[in-house]
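Trainee: Sharing a structure below in structure tokens format, with a few things to ask.
The values are calculated or read from the model by the stated rules, or taken from the named source; none is laboratory data. Since we're looking at a predicted model, the values are computed, not measured. Heads up, the Cβs are rebuilt from the backbone with ideal geometry, glycines too, and the neighbour counts pull from every protein chain shown. Quick note on the areas: whole protein, heavy atoms, side chains included, nothing else; ligands and nucleic acids left out. Shrake-Rupley method; radii C 1.70, N 1.55, O 1.52, S 1.80 Å.
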Amino acid sequence: MADLKHNDGLLVEEYADYLYDGFHDHHHGDKYQTGFISHYIFSMDHKMIAKQFLITGMFWGLIGGLMSLVFRLQLGFPEASMAWLKPLLGKWITISEATGVGTLDPQFYYALVTMHGTILVFFVLTAGLSGTFSNLLIPLQLGARDMASPFMNMLSYWFFFLAGAVMFASLFLNTGPFSGGWTAYPPLSALPQASSGSAGGMTLWILSLVLFVVSVLLGGINYITTVLNLRTKGMSLWRMPLTIWAFFVTAILGLLSFPVLASGFFLVMCDRGLNTSFFLNEIYVGGQALEQVGGSPILYQHLFWFLGHPEVYIIILPAMGLVSEVLAVNARKPIFGYHAMVYSIMAIGFLSFIVWAHHMFMAGVNPFISNIFVIFTLIIAVPSAVKVFNWISTLYGGNIRFNPGMLFAIGFVSLFISGGLTGIFLGNSAIDIPMHDTYFVVAHFHIVMGVAAFFGMFAGVYHWFPKMYGRFMNDTLGKIHFWGTMIGAYAVFWPMHYIGMAGVPRRYYSFSTFDFSNQFAATNEFITIAAIITFGFQVIFVINFFYSIFYGKKQTTRNPYGATTLEWTTAINPGHGNWPGGIPAVHRWAYDYGKMGEEFIPQVEPVSEKEKEFDEAHPH
Amino acid sequence: MMYLIAILIAILVFVIVVQIGKVNELAARLRGEEKAEHDGNEWNARMMLVFLVGFLAFAVGTSVYYYPYMLGYGPNILPTIHGPQIMQLFNITLFFTGIVFVITHILLFWFAYRYRNSKDRVAEFIPHDNKLEIIWTAIPAVVMAILVVFGLVAWNDAMSDVDADGEALGYVKVGTGDVENGTKNYIEIGATGLQFNWILRHPGRDGLLGTKNWQLITGSNQLGQDFKDSKNIDDIILDELVLPKGHTVRARISSRDVLHNFDIPHFFVKMDAIPGMPTYFKFTPTMTTEEYRDHLSQFPEWQVPADPEEPDGPQRWEAFNFELACAELCGKGHYSMRKIVRVVTEEEYNAWLDQAESTSFYLNEIRGTDDDPFLSRPTLQIEKRIREREAKKAKPAPSDVPAPTPGDTPAPEGQPLEGGETGSIQPLNSGTVGTSTTTTTVGNAVQSTVNSATITGTNVVNSATEAVQTGVNTAINAVNNAANSATNAVNNAVETTKEAASSAADKAGDAIDKAKDKAGEVKDNLLNNPK
Ligand code: HEM
Ligand SMILES: [Cu+2]
Ligand SMILES: [Cu+2]
């Protein structure tokens, strides 16, 4: 790697000039958190908390992924026996006396689909992604010793952990985990009579997600406060790397939208337990006419999607931030149109609050209202397009290193394009009539959110792994992982567009009840096989990750990528407080790559006279 | 044992993966890290191009392969009026997004390849370019504006409600169907979702769905139809949805328990079913099932046995049906809520309704039981009709036409009431007492009569209709009070009718006579069946 990093090896002495004493009173020998428990478990160090989020997220990613394989088996090989899963799934596999063929209980199929969605959206792509990298990078890239409130930060993780524990427990309920879809629409989610998963499973599901909301809020408040108050000297908002901008706006979105979700959940709880009828009206179920009248199920959908749409951006914005950073560093070029990137993050953030009803075009809301949501929804495509064009232009004229992080960043851009473009179809309410709740939507959001956000996360993990563990992940395995996942993910989700365009609804346990869906046996088989193989590539990642923690190639220089940002000015294994002694001050933005023939100029380097002239000639 | 094997396999995979990683690292060290790094970079850069070509080929190839599967493409034409409009919008969107997709992907992967690392180069410092950025903000904005405009037009067309002065029909008048614009009058069918089925309801001859109440639901009265509402008397619970081609249909969609979604993929019809709040979707089928099958029969992929296990069975196109599904997760049977939708010609539809009438839920399950609010009525109109029809069938006269023909609407005149003769249902806004069912039915009958008699006398028709309506309402009112006043009222009605008619063109005279006859019949009826 040496030739690619001829500028690395900045030693701490070289930075000595740049350090200032902002926190002189805060000297600490390392008595802090030396015990095992305080260091690894109830840690208040943002770097350790980041690792906790990451590893917990990976655990949930594996669980959620395995669940999807089970229901993919059902779809791809509906005739095959699942008897071999009996030891694991128990009563949810029924074995026919006559033939010995084991079939998956539809109830459990829906439980798997629901758990898969909930786990991946919330536990993996929200907590695992934003939790990991906001924690790791906000203090490190802003030049802060830690989060504004390390204690709240620790609580944030432990609430997340508890949320996971509760959800995990719900898997073992006799009535099964919740099975009404990750959106949990009432009345289905409110009535145990309507679905066994809506009994104890739903109670635990709500409990889990309320704990999760607490976690997000504790984290979010912390991220916002840290960004606003703990930036080092010289780090004005407009000098922050795009990662931080993305985390910052994400945290604001979370803070504004998650409470609304929680309120929706509370109302569902009331309908379930207190005989209220916020969402129930004129229902006859389980051989009985309910007394609860006057509610509206649509109200819940408004509450849910008022979170739900911002939530998809809560997932994708951090990935966008990571990708922007990784692209710039490895293209050795400034991110193209930094200001436009920031403004489009803000625009996306703002607009994401006024488009929620595009999930409800066919939900029985007044069609007139949809007109307005169509307009706002399609406007969102404009800042999204700007971001894509800027990423592509960042590559133009670069000097690109294809390390795994970079590969995933490029893959992200491709996925975001493919999935974003189908959003333009769905955002137009008229086209949503045939497409709503079909596999077309499944293809859309898996590509644009599911896979793309994973790619952003992978880019981040490969890129910042040295900052977390002082070692590199194996390069070859990383590249195998990338190409396998890139090809595999498209193989899995691309054909789903066509299934959707044939009108097949999502969330079908079997394709054979209808003639119009019964034509896709071969396609489903293909998708299932592709999914299994793609999952195999993720196993490679996990192995690589844990193996590299202990045996990966050692990081020998502080700034292995020749990056400009502050995290690479810390020691290879930064202790608590991040910088021994003073904190570096910042003199420039984060993207001086290739400027005036220099490969890169770190943010800590003061602006020279010559450079000032150059800047006047090329304002940015 | 199985676990042991699984664990062994897991360990094996782990070891292999780690070894691959190690071997490559080692090889790199042997070759010299710098060179290995360079080779790796070149390889990945080339893969970028390979992937680009492969991906675009995959996109095109799969589109071609799936062309005959997708609705709106290949054999799968869209047999509703709004379907092709939406498809057009889809294709416009596909055009723009397709261009963007191809260009951005070519640029992305080409740049990645072209600007791969080279020792001899430092990257260019291009932090931004205002002109470019304005251009590529403006272009998407303009494209989005175009899509919004087309989109909203299509949306508001598709979601518009039925014509305010259209009427809900039971039978349709043959020859009035319109596959281009739909019809002003419409057929309102009911669809109620429950776990896990659709209950479909035809309004019967009066065109009006009777009220239902979830508290009245029982094992047999699945919808909770309220039979005090005479509109329910002729409502038919269907096994399959039968619709006439070219006539506007309004689905009144509701749910009994949780959310469902009324989804007919081929029709581009989709709307959530919500407990306690009806939703609507209006559409007009433009092809009969038979026509659609004929159309499909031209395509080789449809000329194969429907069931591969049965090579001599019907061909795929012969077995084709439009299907109604559920598109909102509603529980464990969500995937199985199938009903067939059969589109037929107007004649077939009317003939079907003739037959289906006798399967009215009320007649078969409620009539004559303690729950029957009309127990005191010895014969209801619907019963009379059915009996007559059966009698005819028993000894078919040569003049008998099995299916109604144009001009001869099957709505026999003089059948004003579907059983609501008690007249105790709802006051009309005019202040007179009657049921809206009654009024409309009479109106329908008269109107169609007059239509068949005259083309130009629309005004007359209207006034005649009104007159008769008033008359009948008054009559009903009267019956409620006393038989005497009923006679008077009907006489009044006849008078009014006459007056209206006298001011009209010659041709209309005929119609008025008929209207008069009808009024007379009303009178007879009322007199024959005093309360
Ligand atoms: C160009 C911008 C986008 C537009 C116009 C758009 C539009 C839409 C629309 C209209 C739907 C509803 C489809 C339906 O249910 O019928 C939808 C679904 C969805 N979109 Fe997007 N989208 C865009 C980008 C994104 C992004 C960036 C993400 C996430 C990172 C995302 C995630 C989702 C998800 C998760 C769903 C499905 C939710 C569910 O029903 O389970 N979309 N999108
Ligand atoms: Cu959305
Ligand atoms: Cu359903």
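Trainee: Any residue at all in the stretch B:74-85 that's crowded, with 16+ Cβ neighbours inside 10 Å and facing chain A (nearest Cβ under 7 Å)?
Mentor: There is no residue in the stretch B:74-85 that is crowded, with 16+ Cβ neighbours inside 10 Å and facing chain A (nearest Cβ under 7 Å).
Trainee: Separate question: So which residues in the stretch A:322-338 are among the aliphatic types (A, V, I, L, M), within 9 Å of chain B (Cβ to nearest Cβ) and assigned to a helix (DSSP H, G or I)? Step through it out loud before you land on a result.
Mentor: Of the stretch A:322-338, the ones among the aliphatic types (A, V, I, L, M) are A:322-323, A:326-329, A:331, A:335.
Within this subset, residues satisfying the condition of being within 9 Å of chain B (Cβ to nearest Cβ) are A:331, A:335.
Of everything in the stretch A:322-338, just one residue is among the aliphatic types (A, V, I, L, M), within 9 Å of chain B (Cβ to nearest Cβ) and assigned to a helix (DSSP H, G or I), namely A:ALA331.
Trainee: Considering A:ALA163, A:ALA127, which residue is closer than 23 Å to A:LEU69 by Cβ and open to solvent by less than 10 Å² (accessible area, probe 1.4 Å)?
Mentor: After ruling out the rest, the residue left standing is A:ALA127.
Trainee: For the stretch A:339-350, how many residues meet the condition of being out of contact with any Phe, Trp or Tyr (no Cβ under 6 Å at 6 or more places or on another chain) and either open to solvent by 10 Å² or more (accessible area, probe 1.4 Å) or within 12 Å of chain B (Cβ to nearest Cβ) (or both)?
Mentor: 8
Results for (1) in contact with a Ser or Thr (Cβ under 8 Å, 6 or more places away or on another chain); (2) more than 16 Å from ligand 1 (Cβ to nearest atom), shown as yes or no for each residue.
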{"residue": "A:GLY294", "(1), (2)": "yes, yes"}
{"residue": "A:PRO297", "(1), (2)": "no, no"}
{"residue": "A:TYR300", "(1), (2)": "no, no"}
{"residue": "A:PHE304", "(1), (2)": "yes, no"}
{"residue": "A:GLY321", "(1), (2)": "yes, no"}
{"residue": "A:ARG332", "(1), (2)": "no, yes"}
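Trainee: Looking only at the stretch B:174-224, count how many residues are within 16 Å of ligand 3 (Cβ to nearest atom) and farther than 15 Å from B:THR359 by Cβ.
Mentor: Here the count works out to 8.
Trainee: Hey, another quick one. When B:SER230 is evaluated against the numbered criteria (1) at pLDDT below 90; (2) closer than 22 Å to A:PRO434 by Cα; (3) surrounded by 23 or more Cβ atoms within 10 Å (Cβ to Cβ), which criterion, by number, is the only one it fails?
Mentor: Here B:SER230 meets the rest and fails (2).
Trainee: Can you tell me which residues in the stretch A:273-302 are among the aromatic types (Phe, Trp, Tyr) and open to solvent by 70 Å² or more (accessible area, probe 1.4 Å)?
Mentor: A:PHE278
Trainee: Then there is this: Being more than 14 Å from every other protein chain (Cβ to nearest Cβ), within 40 Å of the chain's Cα centre (by Cα) and either at pLDDT below 95 or open to solvent by 10 Å² or more (accessible area, probe 1.4 Å) (or both) is true for just one of B:LEU194, B:LEU152, B:LEU169. Which residue is that?
Mentor: Criteria check complete, one pass: B:LEU169.
Trainee: Further question on the same structure: Condition (residue is open to solvent by less than 10 Å² (accessible area, probe 1.4 Å) and at pLDDT 90 or above) applied to the stretch A:95-106: is it met by at least one residue?
Mentor: Checking the stretch A:95-106: at least one residue is open to solvent by less than 10 Å² (accessible area, probe 1.4 Å) and at pLDDT 90 or above.
Trainee: I need the full set of residues from the stretch A:393-421 which are open to solvent by 10 Å² or more (accessible area, probe 1.4 Å) and within 16 Å of ligand 2 (Cβ to nearest atom), in order please.
Mentor: Correct list: A:PHE416, A:GLY420, A:LEU421.
Trainee: Right, here's the next one. Which of (1) out of contact with any Gly (no Cβ under 6 Å at 6 or more places or on another chain); (2) more than 16 Å from ligand 2 (Cβ to nearest atom) is the odd one out, the single condition A:ALA347 does not satisfy?
Mentor: Every condition holds for A:ALA347 apart from (2).
Trainee: Mind checking which helices (runs of 4 or more DSSP H) fall wholly inside the stretch A:378-447 and carry at least 1 residues that are more than 7 Å from chain B (Cβ to nearest Cβ) and among the β-branched types (Val, Ile, Thr)?
Mentor: On the way: elements: A:404-427, A:429-435, A:439-445.
Because the criterion is at least 1 residues that are more than 7 Å from chain B (Cβ to nearest Cβ) and among the β-branched types (Val, Ile, Thr), the helices (runs of 4 or more DSSP H) in the stretch A:378-447 that meet it are A:404-427, A:439-445.
Condition check ((1) surrounded by 19 or more Cβ atoms within 10 Å (Cβ to Cβ); (2) within 22 Å of the chain's Cα centre (by Cα); (3) in contact (Cβ under 8 Å) with a residue 24 or more places away in the chain) across all residues:
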residue: B:TYR292; (1), (2), (3): yes, yes, yes
residue: B:ASP307; (1), (2), (3): no, no, no
residue: B:GLU348; (1), (2), (3): no, yes, yes
residue: B:GLU357; (1), (2), (3): yes, yes, yes
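Trainee: For B:SER336, work out the one condition from (1) open to solvent by less than 40 Å² (accessible area, probe 1.4 Å); (2) within 14 Å of another protein chain (Cβ to nearest Cβ); (3) not basic (Lys, Arg) it doesn't fulfil.
Mentor: (1)
Trainee: Take A:ILE316 and decide whether it is outside any loop (DSSP other than H, G, I, E, B), more than 9 Å from chain B (Cβ to nearest Cβ) and among the β-branched types (Val, Ile, Thr).
Mentor: yes
Trainee: Follow-up. With respect to the numbered conditions (1) open to solvent by 10 Å² or more (accessible area, probe 1.4 Å); (2) modelled with pLDDT under 95, which one is the sole condition not fulfilled by B:HIS266?
Mentor: If we test B:HIS266 against (1) open to solvent by 10 Å² or more (accessible area, probe 1.4 Å); (2) modelled with pLDDT under 95, just (2) comes out false.
One line per residue, one yes/no per condition, for (1) open to solvent by 10 Å² or more (accessible area, probe 1.4 Å); (2) modelled with pLDDT under 95; (3) of a type outside the set (A, V, I, L, M, F, W, C):
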| residue | (1), (2), (3) |
| --- | --- |
| A:PRO192 | yes, yes, yes |
| A:SER196 | yes, yes, yes |
| A:TRP205 | no, no, no |
| A:SER208 | no, no, yes |
| A:VAL214 | yes, no, no |
| A:ILE224 | yes, no, no |
| A:ALA246 | no, no, no |
| A:SER257 | no, yes, yes |
| A:VAL260 | yes, yes, no |
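Trainee: When you go through (1) at the interface with another protein chain (Cβ under 7 Å from one of its Cβ atoms); (2) assigned to a helix (DSSP H, G or I); (3) within 16 Å of ligand 3 (Cβ to nearest atom) one by one for A:GLY364, which number turns out not to apply?
Mentor: With respect to (1) at the interface with another protein chain (Cβ under 7 Å from one of its Cβ atoms); (2) assigned to a helix (DSSP H, G or I); (3) within 16 Å of ligand 3 (Cβ to nearest atom), A:GLY364 is out only on (2).
Trainee: How many residues are within 20 Å of B:ALA168 (Cβ to Cβ) and open to solvent by 10 Å² or more (accessible area, probe 1.4 Å) if we restrict to the stretch B:239-253?
Mentor: Initially, the stretch B:239-253 is screened for residues within 20 Å of B:ALA168 (Cβ to Cβ), giving B:241-253.
From what's left, open to solvent by 10 Å² or more (accessible area, probe 1.4 Å): B:245, B:250, B:252.
Going through the stretch B:239-253 one residue at a time, the tally reaches 3.
Trainee: Still on this structure, please answer the following. So which of B:ASP235, B:ASP257 ends up being crowded, with 24+ Cβ neighbours inside 10 Å, at pLDDT 90 or above and within 16 Å of ligand 3 (Cβ to nearest atom)?
Mentor: The match here is B:ASP257.
Trainee: Continuing with this model, one more query. Scanning the stretch B:21-73 for residues that are within 58 Å of the chain's Cα centre (by Cα), aliphatic (A, V, I, L, M) and open to solvent by 30 Å² or more (accessible area, probe 1.4 Å), which turns out farthest from A:THR476 (Cα to Cα)?
Mentor: Top of the filtered list is B:VAL64.
Trainee: So, A:PHE445, is that one among the aromatic types (Phe, Trp, Tyr), within 8 Å of ligand 1 (Cβ to nearest atom) and open to solvent by 10 Å² or more (accessible area, probe 1.4 Å) or not?
Mentor: Working: among the aromatic types (Phe, Trp, Tyr): yes; within 8 Å of ligand 1 (Cβ to nearest atom): yes; open to solvent by 10 Å² or more (accessible area, probe 1.4 Å): yes.
So A:PHE445 fits the description; yes.
Trainee: Consider A:SER370 against the criteria (1) at the interface with chain B (Cβ under 8 Å from one of its Cβ atoms); (2) surrounded by fewer than 24 Cβ atoms within 10 Å (Cβ to Cβ); (3) within 16 Å of ligand 1 (Cβ to nearest atom): it satisfies all of them except one. Which criterion is unmet?
Mentor: Here A:SER370 meets the rest and fails (2).
Trainee: Continuing with the same structure: Could you list all residues from the stretch A:171-188 that are of a type in the set (S, T, N, Q), more than 9 Å from every other protein chain (Cβ to nearest Cβ) and either touching a helix residue (DSSP H, G or I) at 6+ places or on another chain (Cβ under 6 Å) or open to solvent by less than 40 Å² (accessible area, probe 1.4 Å) (or both)?
Mentor: A:THR175
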